[in-house]
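In what follows, a structure is listed as C-alpha cells, so that the remarks can point back to it.
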Amino acid sequence: MEKTFIMVKPDGVQRGLIGEIVSRFEKKGYQLVAAKLMTVSKELAEKHYAEHKDKPFFGELVDFITSGPVFAMVWAGNNVIATARQMMGKTNPADALPGTIRGDYGISVGMNIIHGSDSPESAEREIALWFNEEDLNNYEKTI
Ligand code: CMP
C-alpha cells in the first residue's frame with residue numbers, strides 16, 4: 001500500500017491542531033502507520049529540506065522547524081501521497097482553498113501548519129529519514 005510522510009509543524013503543534021489533522025486523515029479512511037512527537041535536530045532539518053538549501057528562506061525554514069516539537073507521521077492508503085497534498089492545500093495558505101488544512105488554519109508560507117511528501121520518491125526518502133523500519137506498523141484492518 002502507498003505510504004506518505006506527514007508532519008504537523010511547530011505552529012500546528014502549538015495551536016493544538018494535532019488531533020484535528022489526525023482526525024481528517026482517519027475520517028478520509030487512511031491508515032496510521034507510525035507517529036511521534038519530537039524535537040527536530042538541525043542536522044535532520046537540513047537533510048529533510050536539502051532540496052531548498054540554496055533558497056533564500058532556507059535558514060528561516062530550518063530555524064522554524066527546529067523551534068519546537070513537530071508531530072511526524074506515516075500514513076498509508078490508496079493514492080495517499082497526492083490526496084494528502086490536496087487535503088493540505090497550496091503551500092501558501094493565502095492561496096489554499098477553504099476546506100483544506102492550510103486554507104482553514106494556515107497563517108503564512110513559513111507557518112503553514114503541515115508538511116507532506118510531494119512524490120513517491122520524496123515519500124520513500126522522507127519516511128526512511130524520519131523513521132526506522134521497526135517503527136512502521138504495517139497491519140490489515142480487521143474491523
Ligand atoms: P513544506 O511543504 O514544508 O516544504 C518547504 C517549505 O518551505 C514549505 O512547506 C514552506 O513552509 C516553506 N517556504 C516556502 N516558501 C517560503 C518562503 N518564501 N519563506 C519561508 N518559507 C517558505
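Taken together, the values in this text are just the output of simple stated rules run on the coordinates, not laboratory data. Owing to the predicted nature of the structure, the values given are computational and were not obtained by experimental measurement. Heads up, the Cβs are rebuilt from the backbone with ideal geometry, glycines too, and the neighbour counts pull from every protein chain shown.
Computed over the alpha-carbon pairs of the chain, the distance histogram in 5 Å steps reads 2, 10, 20, 24, 24, 14, 5, 1, 0, 0 percent, short to long.
Note on region 3-139: Lys pairs 8 or more places apart or on different chains, Cα atoms under 23 Å apart, count 24.
Shape verdict for region 92-131, please, from the Cα gyration tensor: rounded (a/c under 1.5), prolate (a/b greater than b/c) or oblate. Prolate. For the pair residue 138 and residue 23, a Förster radius of 22 Å applied to the C-beta separation gives a FRET efficiency near 0.50, rounded to the nearest 0.05.
Note on region 3-139: with charges restricted to the Cβ of Lys and Arg (+1) and Asp and Glu (-1), its dipole about the Cα centre is near 360 debye. Considering helices alone, the calculated mean residue ellipticity of the chain at 222 nm is -10500 deg cm²/dmol, with DSSP H runs of length four and up weighted by -39500 (n - 2.57) and normalised per residue.
When the Cα atoms of region 66-135 are aligned to their principal axes, the ranges along those axes come out at 37, 32, 16 Å in descending order. Can you work out the PRE-style zone for residue 14? Point 7 Å along Cα to Cβ, and I want the residues of region 34-77 with backbone N under 12 Å. Answer for region 34-77: 64-70.
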